[in-house]
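What follows is a short report on a single structure.
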Amino acid sequence: MDDVKGMYRYMLMTRLVSERILQLNRMGRTPFGAGTDGHEAAQVGAAWCIQRGKDWTVPYYRDMGVAFVLGFSALDEFRGVFAKATDINSAGRAMLNMFSSPKDRVLSRSVLVGTEFPHAVGLALALRQRKEAQIVFVFGGDGSTSPGDFHEAANFASIHKLPVVFVIENNLLAISTRFEKQTAVKDIAEKAAAYGMPGYIADGMDVLDSYEKTKLASDRARAGGGPSLVELKCYRYQPHTSDDDDSRYRTKQEVEEWRAKDPVKRAHAYLLSAGVPEADLYSLRASLADEIERAIAQAESEPDPKPEDAAKHVYSEDAPLPDGTRA
Ligand SMILES: Cc1ncc(C[n+]2csc(CCOP(=O)(O)OP(=O)(O)O)c2C)c(N)n1
């Protein structure tokens with residue numbers, strides 16, 4: 001029960017942060033926002049299988065719930081949202097949610113969809129060569145299984161039995177492109193068979209099912225059995241980003257149908273039915289909301305990055321100039 005309460009805490013935190021990100025953007029206080037609503041159970045359930053500080057994780061840009069479970073705070077998140085110099089991911093130079101934390105073993109990633117898979121597989125190969133016991137979790141959306149990167153990475157990982165868990169959050173949309181317009185099979189999990197690895201399907205609106213199916217995959221990787229793919233079927237409630245008009249590609253009715261399966265409400269109902277007092281859940285919400293408001297106030301008051309730092313760490317600072325001299 002303690003685990004489920006812990007999971008619920010991170011799911012609720014993810015929901016509340018995500019809602020504030022969109023509100024702040026609509027108020028004109030931030031340049032850009034992207035929500036996670038609808039993915040909380042998938043992300044938190046899968047991330048519960050990660051051994052913090054030991055395993056490596058390559059999350060994708062929607063994975064706030066994964067980042068929070070791994071140790072990111074609301075303040076870490078809002079520093080990125082406000083693109084402040086204090087942002088731990090990129091010092092305010094990349095978009096929000098380019099999660100990066102060497103101490104938490106979160107590999108810095110690119111915004112380019114699908115590039116995380118070969119990076120994760122390379123990481124797993126390095127762990128194998130160094131005889132380290134940890135495993136790698138890599139996350140992506142359904143759309144990220146279309147580029148060649150995914151297929152090359154899955155094939156290579158399977159041939160070499162590398163300790164990788166491919167976690168795919170299938171929300172049926174890649175911006176405006178619907179699932180059936182870019183994937184000919186019924187389930188993403190079917191793609192695993194082509195590479196000789198198991199493909200598990202979970203109800204990504206259910207945190208326990210997401211945890212259990214990801215656990216099958218992570219147990220297999222830890223035992224030396226090689227990679228697996230876990231498909232978490234979920235839905236994105238908000239537009240793709242604050243720049244997206246989702247009324248052009250889906251109906252309100254479709255969103256409402258999925259809202260009836262709200263993963264946060266479902267976990268809330270589960271806890272109540274298991275005897276957790278409602279007052280405890282309300283005080284949890286109040287304390288999270290307070291933490292979030294304090295994080296927003298602090299992040300917003302912090303300094304912006306300096307314009308002259310825009311290309312810092314992009315080019316090697318001691319690389320020779322074209323004429324062979326050094327700056
Ligand atoms: C290589 C590449 N092509 C296109 C884009 C633009 N783009 C950003 S997010 C996205 C959709 C990805 O959808 P999916 O993987 O299903 O994840 P979701 O955003 O739905 O969670 C696209 C096409 C990109 N970032 N990288």
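The values are calculated or read from the model by the stated rules, or taken from the named source; none is laboratory data. Quantities reported herein were computed from a predicted structural model and do not represent experimental measurements. Cβ sites come from the backbone with ideal geometry, for glycine too, and all protein chains shown count toward neighbours. All accessible areas refer to the heavy atoms of the entire protein, side chains included, with ligands and DNA or RNA removed. Shrake-Rupley method; radii C 1.70, N 1.55, O 1.52, S 1.80 Å.
Worth a mention:
- Gaussian network model of the chain, Cα within-10 Å springs - most flexible of Ala42, Ala184, Ala91: Ala184
- Fluctuation leader among Ala221, Ala124, Ala269 - the chain, Gaussian network, Cα springs under 10 angstrom: Ala269
- DSSP beta bridge pairing in the chain, given as percent antiparallel to the nearest 5: 10 percent
- 13 Å beta-carbon shell around Thr251, net charge (K/R +1, D/E -1): +1
- Over segment 2-309: Kirkwood hydrodynamic radius from C-alpha pairwise inverse distances, Å: 19.6 Å
- Cβ-defined net charge surrounding Ser144, 10 Å radius [Lys, Arg +1; Asp, Glu -1]: -4
- Subset of Lys103/Lys215; Lys54/Lys312; Lys161/Lys213; Lys186/Lys261; Lys103/Lys312; Lys215/Lys261 violating a 27 Å alpha-carbon distance limit: Lys54/Lys312
- With a cut-off of 13 Å between beta carbons, the residues surrounding Tyr60 carry a summed charge of -2, where Lys and Arg count +1 and Asp and Glu -1.
- The accessible surface of segment 6-119, taken with every protein chain in place and a 1.4 Å probe, is 57 percent carbon and sulfur.
- Here the Debye sum runs over all C-alpha atoms of segment 1-132 as equal scatterers in vacuum, and log10 of I(q)/I(0) at q = 0.09 Å⁻¹ comes out as -0.26.
- Kirkwood radius and radius of gyration were both taken over the C-alpha atoms of segment 68-193, and their ratio Rg/Rh is 1.00.
- Taking Gly275, Gly199, Gly140 as the candidate residues, the one with maximal mean-square fluctuation in a Gaussian network model of the chain, Cα springs under 10 Å, is Gly275.
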